[in-house]
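Just below is one structure, and these are the notes that go with it.
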Amino acid sequence: KPVAMLLIAILIGFTTWLGAKLTGGPGQIALIWIANGLLAGIILSSPRRDWIWLLASGYAGNVGLNFLVGVDPLLSVTLAFCNTIEVAAGCAITGAVGKFDDLGWGFHVRFLAGCVIIGPLLSAFFAALILAVTHGAPFLDVMRSWFAADAVGMASFAPLMLYMRKADLSGLFTWEGVLRWGTVLTAVALVAVMVFTQNMYNVRFLVTGVLVLTAFQLGRAGLSIAICMVALTAVLAIESYNGPLLAIDPAIRQKVLELQFYIVATVLTTFSVAITVEKSAKLKMLVDAANIELLELSLTDNLTKLSNRRAFDDALEREWKIATRNRSALSLLIIDVDRFKAYNDTYGHSAGDACLASVGRLLAGIVFRPSDLVARIGGEEFAAVLPGTSDAGAKEVAERIREAIYNANLPAESSTFGRVTVSVGVAAAIPAAHDTLKTLFDIADMRLYHAKQNGRNRVGGPEIEGLENVRFNPGFGLQERQRDRKNTAA
């Protein structure tokens, strides 16, 4: 902490000196006081336990600089105390910021009340009172000038420290980020110089426009930098008797006050836009995430967490088209839990659901290629789509599935094997343009039927090369399959 305290003291000392230099402008009126804004931003973005030593560091830097430049010691101590009161009061009202998401509307309302209004008012009151007593300065004039300069400094520079410390700036450290930030901030600088270094036209609306653009492109972190650039450009311009405000009113004091009010109003307006933009973007992300989740839910079987029939149909149709176009292999497995109706009658539907969930987990562990899909397509029936898989490969996967379910040894008194088993129908093809997807499905279903007819706990799938080589009547065995499932509780 000693190193950090020294660095903060140096920063506050330097910006105190800079503020004093900017006070020596037209009519000796303070234009902007940067030091308090920077210190408030550092404090607000730090844990509360660090506030005391941060305030002490700022106070030390303020007093030390005044001593170095020969300001009366008593005046240095008392005016530095006024600045410390301003920062402490503003931060106490605003509250600490834990993370970037805390910088919402509530925070900005508290920041406006505490750091931009109440804190500068307290500081201005005590400073004006001290200067009126010690130097005979006009109380109201000093208070007005002090308050305006500090309010502008708070509104402009406190957000800079807040957002640079709390915002996610990882995107800045890429070539795309550097290009975007560089382009936008260069545009801000050019517009600010063009607007505030000429006296002929009042075109301040251009500044507001480019700041709104910055809010859209760079968010609040980039906007805070842009606002500081605009504020310093405007202050330096008016220091040299330039700027569009001279085209409005030749009175120095009125000109300065109008500039200060314009800067604060611009800060409030553009940050409101930035908050709205970021909230809208965040809301859109939440909506998109919710839509993705809803889509996933609509394609997921709630019991087994596998894909559902809708997802299966979509995937099978998609892969069929790809296989037809590329003349590549496509395999389909239809998996049926043997004698599941009898299992439900014996153990109850809750146990039946648990059984299906267990089977689903086992299937998910076997069919694991990214291109594969395993789904529950109804009741106790499952299916797997295996793109780019030959007949032999499909039969191998089917056999692994059968063995995995058998070896899981899930108890089933209704089964002749004393455990839960499955039968699998396999169909594989390199589809041609005249082939139909229904035929592939019916072949797998027919082979599942024959596996059950031959004793269950089997894989049904003779060797085939393509559907064009298969003699198959889609109606064959349909009534027999339906009767078998009804009578024997397949």
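The values are calculated or read from the model by the stated rules, or taken from the named source; none is laboratory data. Just so we're clear, the structure is a prediction, and the values are computed from it rather than from any experiment. All Cβ positions, glycine included, derive from the backbone under ideal geometry; neighbour counts span all protein chains shown. Note: accessible area is taken over every heavy atom of the protein model, side chains too, but ligands, DNA and RNA are not part of it. Shrake-Rupley method; radii C 1.70, N 1.55, O 1.52, S 1.80 Å.
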Read through the list (1) outside any helix (DSSP H, G or I); (2) modelled with pLDDT of 90 or more, then give the number of the only condition that Ala137 fails. (2)
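Is the range 91-104 home to any residue that is at pLDDT 90 or above, out of contact with any Ser or Thr (no Cβ under 8 Å at 6 or more places or on another chain), assigned to a helix (DSSP H, G or I) and open to solvent by less than 10 Å² (accessible area, probe 1.4 Å)?
Looking through the range 91-104, at least one residue is at pLDDT 90 or above, out of contact with any Ser or Thr (no Cβ under 8 Å at 6 or more places or on another chain), assigned to a helix (DSSP H, G or I) and open to solvent by less than 10 Å² (accessible area, probe 1.4 Å).
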Does Asn62 fit the bill of being closer than 28 Å to Arg220 by Cα and open to solvent by less than 30 Å² (accessible area, probe 1.4 Å)? no
Being open to solvent by 40 Å² or more (accessible area, probe 1.4 Å), within 19 Å of Ser156 (Cβ to Cβ) and not in a loop (DSSP other than H, G, I, E, B) narrows Ile117, Ile42 down to just Ile117
Being of a type in the set (D, E, K, R), within 25 Å of Val359 (Cβ to Cβ) and not in a helix (DSSP H, G or I) is the filter here; which residues of the range 288-328 pass it? Asp301, Lys305
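Looking only at the range 281-327, filter to residues that are touching a strand residue (DSSP E or B) at 6+ places or on another chain (Cβ under 8 Å) and open to solvent by 40 Å² or more (accessible area, probe 1.4 Å); which one of those is modelled with the lowest pLDDT? I'd like the intermediate steps shown before the answer.
Keep residues of the range 281-327 that are touching a strand residue (DSSP E or B) at 6+ places or on another chain (Cβ under 8 Å), which gives 299-301, 303-304, 306-309, 311-312, 315-316, 319-320, 322-323.
Filter once more, keeping what is open to solvent by 40 Å² or more (accessible area, probe 1.4 Å): 299-300, 303, 309, 322.
Values: Leu299: 81, Thr300: 87, Leu303: 91, Arg309: 91, Ile322: 92.
The selected residue is Leu299.
Across the range 421-440, which residue is farthest from Arg458 (Cα to Cα) among those that are among the β-branched types (Val, Ile, Thr) and either under 46 Å from the mean Cα position of the chain (by Cα) or open to solvent by 70 Å² or more (accessible area, probe 1.4 Å) (or both)?
Just the residues of the range 421-440 that are among the β-branched types (Val, Ile, Thr), to begin with: 421-422, 424, 426, 430, 436, 439.
With the extra rule that they be either under 46 Å from the mean Cα position of the chain (by Cα) or open to solvent by 70 Å² or more (accessible area, probe 1.4 Å) (or both), the set shrinks to 422, 424, 426, 430, 436.
Values: Val422: 7, Val424: 6, Val426: 11, Ile430: 24, Thr436: 26 Å.
Looking at the filtered set, the residue picked out is Thr436.
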Pairing a residue in the range 292-308 that is under 11 Å from Ala375 (Cα atoms) with any residue that is at pLDDT 85 or above and open to solvent by 40 Å² or more (accessible area, probe 1.4 Å), where Cβ atoms lie under 7 Å and the two sit 6 or more apart in sequence or on different chains, gives Leu299/Arg310; Asp301/Arg376; Thr304/Arg376; Leu306/Ala364; Leu306/Arg376; Ser307/Thr300; Asn308/Thr300; Asn308/Arg376
Among (1) touching a helix residue (DSSP H, G or I) at 6+ places or on another chain (Cβ under 8 Å); (2) open to solvent by 70 Å² or more (accessible area, probe 1.4 Å) - the single one Glu176 does not satisfy: (1)
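Out of curiosity, is Arg253 of a type in the set (Lys, Arg), at pLDDT below 85 and either part of a helix (DSSP H, G or I) or open to solvent by 50 Å² or more (accessible area, probe 1.4 Å) (or both)? Spell out the reasoning first.
Working: of a type in the set (Lys, Arg): yes; at pLDDT below 85: yes; either part of a helix (DSSP H, G or I) or open to solvent by 50 Å² or more (accessible area, probe 1.4 Å) (or both): yes.
Taking the combined requirement at face value, the residue satisfies it.
Residue-wise test of (1) in a strand (DSSP E or B); (2) open to solvent by 10 Å² or more (accessible area, probe 1.4 Å).
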residue: Thr346; (1), (2): no, yes
residue: Ala351; (1), (2): no, yes
residue: Ala357; (1), (2): no, yes
residue: Gly360; (1), (2): no, no
residue: Ala375; (1), (2): yes, no
residue: Ala384; (1), (2): yes, no
Flagged in the range 391-413 as open to solvent by 60 Å² or more (accessible area, probe 1.4 Å), part of a loop (DSSP other than H, G, I, E, B) and either more than 25 Å from Cys355 (Cβ to Cβ) or in contact (Cβ under 8 Å) with a residue 12 or more places away in the chain (or both), in numbering order, are Glu413
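Determine whether Asp336 is within 30 Å of His434 (Cα to Cα) and without any contact (Cβ under 8 Å) to a residue 24 or more places away in the chain.
On the way: within 30 Å of His434 (Cα to Cα): yes; without any contact (Cβ under 8 Å) to a residue 24 or more places away in the chain: no.
It is false that Asp336 is within 30 Å of His434 (Cα to Cα) and without any contact (Cβ under 8 Å) to a residue 24 or more places away in the chain.
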Considering each of Val188, Val193 in turn, give the residue that is in a helix (DSSP H, G or I), open to solvent by 70 Å² or more (accessible area, probe 1.4 Å), in contact with a helix residue (DSSP H, G or I) (Cβ under 7 Å, 6 or more places away or on another chain) and not charged (D, E, K, R). Val193
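Answer yes or no as to whether Phe126 is surrounded by 16 or more Cβ atoms within 10 Å (Cβ to Cβ), within 24 Å of the chain's Cα centre (by Cα), of a type in the set (A, V, I, L, M, F, W, C) and in a helix (DSSP H, G or I).
On the way: surrounded by 16 or more Cβ atoms within 10 Å (Cβ to Cβ): yes; within 24 Å of the chain's Cα centre (by Cα): no; of a type in the set (A, V, I, L, M, F, W, C): yes; in a helix (DSSP H, G or I): yes.
Against the criterion (surrounded by 16 or more Cβ atoms within 10 Å (Cβ to Cβ), within 24 Å of the chain's Cα centre (by Cα), of a type in the set (A, V, I, L, M, F, W, C) and in a helix (DSSP H, G or I)), Phe126 does not qualify.
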Within the range 386-432, which residues are in contact with a helix residue (DSSP H, G or I) (Cβ under 8 Å, 6 or more places away or on another chain) and among the hydroxyl-bearing types (Ser, Thr, Tyr)? Thr389, Ser414, Ser415, Thr421, Ser423
